[in-house]
Every structure is written in structure tokens, then in C-alpha cells.
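Single-structure report; data block below.
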């Protein structure tokens, strides 16, 4: 139904986790409740992951406060009430797990490759901008901890190694987890990377969606854009101020893993700096950073740091409640005074619903438009199939769904038929059982299929291209690697347990 039923390959490029979960929920609960249930599940999962992290050094009461604060932090409320960025919200469940696993890498790196790879793969399959943030954050954290243990000499004997993993092993484990995670997600990643050449992917960073248009307190010619930017800028400024104030209060943090306070400070400074125009050059040249579009997206990571430092640095409960209340007040005032929670109104949503029910379709996404297609030039009331020239024809549509178009055309003379379909390269056409080359109408990108005089049975199928097959094979290989690593670690653990038991038994006998 995208681009008013001319279609788009959105699901090749958009990670599957969030829309698969949404589809599952819509099958279990009424559609009007699906988004609310989705939000509830995700916020509970975000709080649970934060609780797992915080329990490493906090008691249950403080860990619970950190979990609740993270689940309902100001940026999450902005996502829920303004942005409806459900995939990014789901990715927030993974950020605490990344830090948790980094700490385990520092303690004993080899056993963490598989779980860290699974989390990184989940990030790619949830939200691509969040995955970029998570990978840059992972690299920064690993470098911080590796620098703290900068013994680059490989120890030859066990007694030469310091407690925990040395710096070189921390980086090596991180690199292995990144590679394995990308391999596990290759069934999505490889097609999304390769097939970018078939779409207008540069439109993702067009005017209004570029980083330079979305730094904090930036001004553009779009009043609605600037109104939302002011909301998110004040929320970001509040989080930054509270985070570093609480961090100063927590500078004598006792009981935390060594080096964690400094690592969180470095991470927080990085997240904060990247929201301001002074870092515009980094957004231009760092790999894939530009495609995050909105610098304030770094609040996804900063909100976790914010939750930790507020929990540790603000010990009085009335002060904790005051911090959260001020954050909610900023959002509430912005909601009432600056901009309503959403740009569309009830009439706009009813129009979209009616257009889908009548198979008229809806506006598509510019960056997923096939190369050469122009959604502005298409006829919104076009027939599914019609003769492109002047020849007379009898047309019968037999099947017309998302991945298969089947129809018959009885032609008085050879000609071409025009379909209400963009000419994406993964569409393959057969006429009377023989493959034919499709063409693209200049100016609109509409698919044209050549047919002969007489009866023609035409089938258009969205096929599995080589990149999807290779990506699937790489993912299968990644799963095999996971099982091999698990088996090796289990064997080592079993051998270590046996050795310990034998040693204990020998000591008792002695």
C-alpha cells in the first residue's frame, strides 16, 4: 500500500524485530490496544535489563529505583508521546546489557563473546540507528577499559597476568563479538547493505533529516520542526545537567567495578558532545554516523548513564523524586505550550484508514523509493494493469498481493502493459512461462512488461536475490559458530570443575 499502492521494499531495509512483535501483538489483542501493550512490554523489559546491570553493585532497593527511572526516563516519554519510534524504544532494552557484558569482558573476556554477539545482533535486527550508537558506545567503553589495563604484552604464564582480562584481550573479545554479531544478523544486514544501490537511500539525510538540521537548539525554516527541536533540546539539556551534577556527587562511588565511573563519564561526554554543532565534522566523516539523522538520538545511551548516576549520586529519596518530577514537568509544559503530542489529527488518521480499506494506499518513505521512481509524478487512481500503447486488450487480474501479481492479457497486437507497481530489481516477470525483461517508465518509475499478440499469462514475483541467500547462509554459519563456542566453553568449564574437585579431594586426603 506504500506510495499509493505502487509499493516499496521497506521490509528489506527496516529491521524485523519491532514490526514482527507488533504483528504478533495485533494477532493476540485488538488492534486499538496493540501499541499500548507493545509500549508496556518494552518499558518493562528496559527496566528489567537495567535492574540486571544495577544489581552488580547496588542493593535491591536502589537497583529497583534505577530500573524504574530508566524505564520512564524523559527520553522514553518523548518517544512514547511524540515520536512513536517503537523500534528505537525496543533497542533501549539492549543498552544496559551492553554495559553489563562489557564489565564481564573486563573480568573474563572469553566467556562473553557469545552473549555480547547475541546482543549486538539483536541491535542490528531492532533498529539500525540504535545499532550504530551501540557499536560506537561499545568501542568507546572497550577502549576505556583496555587503556586502564594497557598491558599490551601477551602474558606467557598465568602468574604474569593481572586480575581480569588484559587490555589486548578486551579489544580482541570485543572485535570477535562484533564480527559474530554481524554474522548472526547477516540475513538482514547483507541485503540491506547491497540493495541500497536500488533505492534513493540518500533521501534519508535530505533537508530536515540531516544531522546539521537537528543539533540542539538549531533553527531551520520549518516551524513545526523547530518546535519539536526545542522540546527535545530542553529535555536533553536537563538530562545532561542532571547527569553530570549527579556524577560529581557520585565521584567517590564505592563498591562499583574499577574504572566504571571514569568510563561512564567519558561515554556521557561523548553522547552529550555529539548533540551539538561543534561535532558536525565527526557526523560527516565517521562511518554511517550521518545516517543516524538526529544527533539527539544519543539520549538513548545518555538516559542509561543518567539513571545510574542519579541512583548513585542522589541518595535522598525526596531529591530523586524531585529530579524525576522536574523532568516530567518540562515535558508537560512543552506538550501544552509548544507542540501537541503528534502532528496528525484524527481526520488524517481516518483518511489513512479509509485509503487502506479501499486499496488506495498511503504515502511512502522517500529513502525506500526505487531508483528512477518519482512518487510525485504517479497517478494515484491508476489501474492495476493497463495497455501502455493503443492496442486493444482484455485484461483479467487473477492475483494481486504483496509478492505476487498474476493476470492475463489478450492483445490485438504486440505492445507493453503498465502496472501499478514500481520497477524494483527484485521483481521478476514471466509471460506464458518465459522470463522477460521489464522496463521502467521514464519520469515515474512505473513497471512496463512487453506482451505479444494473443493470450498472455503474466506473473510478476518478488524473488529471493543472491544477497538474501548469501546473507542467510552467513547467519546459519554464525549460529554454528555460536554452538561451537558454547560447546568449547562447556567442556572447559567441565574440565575446570573436575580439576577443582580432584584438588579438593586430594587436599582432604592429605
Practice task
Determine whether residue 216 is at pLDDT below 90, surrounded by fewer than 21 Cβ atoms within 10 Å (Cβ to Cβ), part of a loop (DSSP other than H, G, I, E, B) and more than 20 Å from the chain's Cα centre (by Cα).
Solution key: no
Fill in the blank from the handout: Per the filter on segment 18-48, residues closer than 30 Å to residue 199 by Cβ and crowded, with 19+ Cβ neighbours inside 10 Å are 18, 21, 38, 42
Problem - Scan of segment 411-443 for residues that are buried (at least 18 other Cβ atoms within 10 Å of the Cβ) and outside any strand (DSSP E or B), ordered by number - result: 423, 424, 426, 438, 441
Fill in the blank from the handout: Note on residue 489: of the conditions (1) at pLDDT below 90; (2) closer than 30 Å to residue 196 by Cβ; (3) touching a helix residue (DSSP H, G or I) at 6+ places or on another chain (Cβ under 8 Å), unmet is (2)
Practice task
Test residue 202 against the criterion of being in the same structural domain as residue 259 (by TED's automatic domain parsing) and either within 18 Å of residue 476 (Cβ to Cβ) or at pLDDT 90 or above (or both), and give yes or no.
Solution key: no
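Table: residues versus (1) touching a strand residue (DSSP E or B) at 6+ places or on another chain (Cβ under 7 Å); (2) more than 28 Å from residue 456 (Cβ to Cβ); (3) free of Cβ contacts under 8 Å to residues at least 12 places away in the same chain; (4) not in a strand (DSSP E or B).
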site	(1), (2), (3), (4)
359	no, no, no, yes
367	yes, yes, no, yes
373	yes, no, no, yes
386	yes, no, no, no
391	yes, no, no, yes
394	yes, no, no, no
399	yes, no, yes, no
402	no, no, no, yes
406	yes, no, no, no
Problem - Test result for residue 122, surrounded by fewer than 20 Cβ atoms within 10 Å (Cβ to Cβ) and modelled with pLDDT of 95 or more - result: no
Completion exercise
For helices (runs of 4 or more DSSP H) lying entirely in segment 1-113, having 1 or more residues that are within 25 Å of residue 326 (Cα to Cα) and over 17 Å from the mean Cα position of the chain (by Cα) picks out 31-54, 60-71, 74-78
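The values are calculated or read from the model by the stated rules, or taken from the named source; none is laboratory data. Predicted, not measured: the structure shown is a model, and the values here were computed from it. Positions of Cβ are backbone-derived with ideal geometry, glycine not excepted, and every protein chain shown enters the neighbour counts.
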